[in-house]
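First the structure, in the form of structure tokens, and then the observations on it.
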Amino acid sequence: MARNEFELRVGPFSFFVDTNCQIVSDNVKATYGDFETTSLQEEFIDFYISVNRPRTIRRWYKPKVNFYFDGFSPFKPLPEAQAYAMLEWGMNWCIANHAHQFLILHAAAIERKDKVIIMPAPPGSGKSTLCAAMAFTDWRLFSDELALFSITDHQVYPCTRPINLKNDSINILRDYVKDAVFSDTAEDTQKGTVALLKPPLASVETMHVPAHPGAIIFPQYKKGSPAELIPMTQLEAFSQIIENCFNYHTLGLTGFRAIEALLNKTSCYSLSYSQFEEANELLTKAVS
Amino acid sequence: MDITLLEFLRNPQSTSDFSIKDWETLVRQGRAANLLGRINYLLDKENLVQQTPQKALRHFQAAAMSGARQREHTLREVAEIYQIAAKKELCFTVLKGAAYVIMDLSCSHGRTFSDIDILVARPDVSSIEFGLLINGWTRVFVDDYDQRYYREWMHEIPPLRHKDRQTVIDLHHNILPPTNKDSPRPDKFCHQTVHRPEVGDIQVLASEDALIHSATHLFSESEYHNGLRDLSDIDLLLKHFSAQTPAFTSQLITRALTLGLAKYLYLALRYTRLVLHNQSGITSQQEHQINPNFSPLYLKLLDFCFLNIFLPDHSTSRSWRLPLAKFILHIRGHLIRMPLKMLIPHLLHKAFITPFHEWKRQRQLATEQKPITR
């Protein structure tokens, strides 16, 4: 079995990936093509991860793969067709569980003119879809999953990576973005059909440049509805932020202070939309 | 081969000539050994934070944050247990990790642990257990055989888990199973009371006994997931208490002899010295008092096992010796836990009957959960 090793620099983190799955190597090559390729041999690597087929009978019989973080396996094995999606989920897991220098929100984040819009939302609300569409319009992509708000300098840090799209969103984005590059599609995952969209080049090139938070917007896709931006009280936003925060319980008082700082710097809205153009207009208005 | 993590634990100042890759190795080995929080504490204590590369420091600080949070939680849990016991006018003693927090010892900083261990007099076990059960703790599922195993043979009852907070309490009536031939008489332990404003007057073991307990626990184990962390606890406890009380080591020896646990203390001193270079200030005459006089061959075997088990279980420091050491220590742990005439039936039960019962239980659960079809 061919083993492949490569280094990935993603915003403030560096990963060392080791895999014996061709699916993983091929898809990383396709979706991370624009990322820095300078070697990290002499540099500090944050996370050593691997996605591997075990060296047991399961190599041939209904092959399954395991994700390891430096020898430790936090998940149950998945079918090999989902190996690349598993790598991405594993990377999320590494960041969400260890990067406590940030308040980590389960949120999409996009930026324009040094104003970041953070869009926290539970799965299924259309945040990744909206984020992907915006990233290929006028906005810089920070992340479709993990918004990183620094607890020290109160800026938002990009965590630019391929965008995780599910089910119908995949075809919507295929139509919306000209020349979109997608990873292979993994079907029947826990989250349905999943594919990853290669991030825009401009966002990848500026992935080390943080920016200030501008607005917190809770998006909700509503079929056929006109786009609408409704202001939200800080208190409402606060409770929703906690619900969508990965490390609020770990940060404790520091986390509370960070959310306080975040809320004092931003205005909060809920957004319902069905058309990307209309949503784009309202998002632009929200931070101007 | 020098192990980066051991080098650091022996002398944190050794980091002055660390390359960035050495720091990376320290992070990786520290994570494998569950010692990242402790590394952060030691860097802070030795004024080394300034010279620590940011990229590595983040990992230490993140672990320290989790540790700090657990400290708060531990104090809150102990306060609640205190209320429950006080209502029934019962005494309890906090042991190990939670006790280090209560005593605010150096080894408690950045240290995480999975359960809170408390010790009560055997006749009070059911009363405290009942108090906990009506206050939100629930019995973790164990089958009938294990229930009997715990209740009749062990020094603790099956763990109790809080229904909302998921915190786990291990309720002990001794520090070693009564089936272990070294099992001490629990009424011989010396206690001390520590006042914590957030909690109340909490009873813990006297310093010497706390250290002896730590040693006994570590060197009667059969699993060593946190072996190096626990050995480093003992190293820090020794340093902390000897700095406080000059006569600490001689009192320690006296207490170990009184409790009949000298053998475990001997092993703890031996391996904190060999692995972590702790100069505990024990004279050769004192050491002679607690020397169990193992045969040279047995001592060689113990050295092989412990010098390997106390290496970080990580790809950068692991060799073929580690699985072998694990295996031997697993057997050793079982052999000292109970006599062979009890151990063999127990292991046979665990190997054949428990899996069968588990299979039956899972099948029953599956049929109960089957959706109703027309």
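The values are calculated or read from the model by the stated rules, or taken from the named source; none is laboratory data. Treat the numbers as computed from the prediction; the structure is a model and nothing was measured. Virtual Cβ from ideal backbone geometry, glycine too; neighbours counted across all protein chains shown. Please note that ligands, DNA and RNA were not included when accessible areas were found on the heavy atoms of the full protein model with its side chains. Shrake-Rupley method; radii C 1.70, N 1.55, O 1.52, S 1.80 Å.
If you plug each phi of the stretch A:247-258 into the Karplus form 6.51 cos²θ - 1.76 cosθ + 1.60 with θ = phi - 60°, what whole-Hz ³J(HN,Hα) values come out, in order, with x for Gly and Pro?
10, 4, 5, 7, 6, x, 4, 4, x, 4, 5, 5
Keeping every protein chain present and rolling a 1.4 Å probe, give me the accessible area per residue for the stretch A:1-79 in Å².
Values: 4090 Å² over 79 residues.
Ligands and nucleic acids excluded, the figure is 52 Å² per residue.
Given a 1.4 Å probe and every protein chain left where it sits, what share in percent of the accessible area of the protein assembly as shown is carbon and sulfur?
53
Straight distance only, please: which aspartates and glutamates reach the Cα of B:LYS341 with their own Cα at less than 18 Å, same-chain residues fewer than 8 apart left out?
B:ASP146, B:GLU152, B:ASP182
Residue separation times 0.36 nm, minus the C-alpha to C-alpha distance between B:ILE328 and B:GLN54: what's the value?
That pair, B:ILE328 and B:GLN54, stretches by 94.6 nm at full extension.
Mind checking Rg over Rh on the stretch B:224-374, alpha carbons, Kirkwood formula for Rh? Provide the component values of the computation, followed by the final result.
Numbers: Rg = 21.9 Å, Rh = 18.9 Å.
Here Rg/Rh amounts to 1.16.
With heavy atoms of protein chains only and a 1.4 Å probe, what residues of the stretch A:237-252 have at least 50 Å² less accessible area in the full set of chains than alone?
With the partner chains in place, the stretch A:237-252 has these residues losing at least 50 Å²: A:THR250.
Where does helix A:83-98 land angle-wise versus the long Cα axis of chain A, in degrees 0 to 90, nearest 10?
For A:83-98 against chain A, the angle is about 60 degrees.
To the nearest Å, what is the center-to-center distance of the stretch B:307-338 and the stretch A:60-93, using C-alpha atoms only?
If we compute the Cα centre of each part, the gap is 28 Å.
What is the sum of charges around A:ASN164, taking Lys and Arg as +1, Asp and Glu as -1, for the other residues whose C-beta is under 11 Å from the C-beta of A:ASN164?
My count for the surroundings of A:ASN164 gives +1.
Tell me which GluC sites (Glu not before Pro) from the stretch B:39-118 have a DSSP coil assignment and no more than 14 other beta carbons within 10 Å of their own.
Sparse-neighbourhood loop GluC sites (Glu not before Pro): B:GLU46, B:GLU89.
Would you mind giving the average projected area, over all directions, of the Cα convex hull of chain A in nm² with one decimal? Mind showing how you got there, number by number?
Numbers: hull surface 59.4 nm².
Mean projected area of the Cα convex hull: 14.8 nm².
Quick one: compute the contact order of the stretch A:105-151, relative version, from alpha carbon pairs under 8 angstrom and 6+ residues apart, as a percent.
Over the stretch A:105-151, the number comes to 51 percent.
So what's the angle, to the nearest 10 degrees on a 0 to 90 scale, between helix B:262-276 and the longest Cα principal axis of chain B?
Helix B:262-276 sits roughly 50 degrees off the main axis of chain B.
According to a simple spin-label model (label point 7 Å from Cα along Cα-to-Cβ), what is the distance in nm between A:TYR68 and A:ALA30?
Distance between the two pseudo-spin positions: 2.7 nm.
With viscosity set to 1.567 mPa s and temperature to 4 °C, compute the Stokes-Einstein D of the stretch A:186-288, Rh being the Kirkwood radius across alpha carbon pairs; µm²/s, no decimals.
In µm²/s, the coefficient is 80.
With everything on Cα atoms, drop me the angle between helix B:248-259 and the longest principal axis of chain B, reported from 0 to 90° to the nearest 10.
Tilt of helix B:248-259: around 30 degrees.
Which whole-angstrom value gives the distance between the alpha carbon centres of the stretch B:9-87 and the stretch B:117-182?
About 30 Å separates the Cα centre of the stretch B:9-87 from the one of the stretch B:117-182.
So for the stretch A:231-288, Kirkwood radius off the Cα pairs, Stokes-Einstein at 37 °C and 0.692 mPa s: how many µm² s⁻¹?
It comes out at roughly 255 µm²/s.
Is the stretch A:11-140 rounded, prolate or oblate when judged by the Cα gyration tensor, a ≥ b ≥ c being the square roots of its eigenvalues, rounded requiring a/c under 1.5 and prolate requiring a/b larger than b/c?
Cα axes put the stretch A:11-140 in the prolate bin.
Provide Rg over Rh for the stretch A:68-218; use the alpha carbon set for both Rg and the Kirkwood Rh (inverse mean inverse pair distance). Intermediate values should be presented prior to the final figure.
Numbers: Rg = 15.1 Å, Rh = 15.8 Å.
Result for the stretch A:68-218 is an Rg/Rh of 0.96.
What three numbers, in Å, describe the spread of the alpha carbons of the protein assembly as shown along their principal axes, ordered from the longest?
Sorted largest first, the three principal extents are 82, 67, 57 Å.
Considering only Cα-Cα distances, which of the following residue pairs are longer than 32 Å: A:LYS115/B:LYS45; A:LYS127/B:LYS163; A:LYS76/A:LYS127; A:LYS76/A:LYS265?
A:LYS115/B:LYS45; A:LYS127/B:LYS163; A:LYS76/A:LYS265
Taking both sides together, what accessible area is buried at the A/B interface, probe 1.4 Å, expressed in Å² and rounded to the nearest 100?
That pair hides around 1600 Å² of surface in total.
Give the separation of the Cα centroids, the stretch B:254-276 to the stretch B:209-227, in Å.
11
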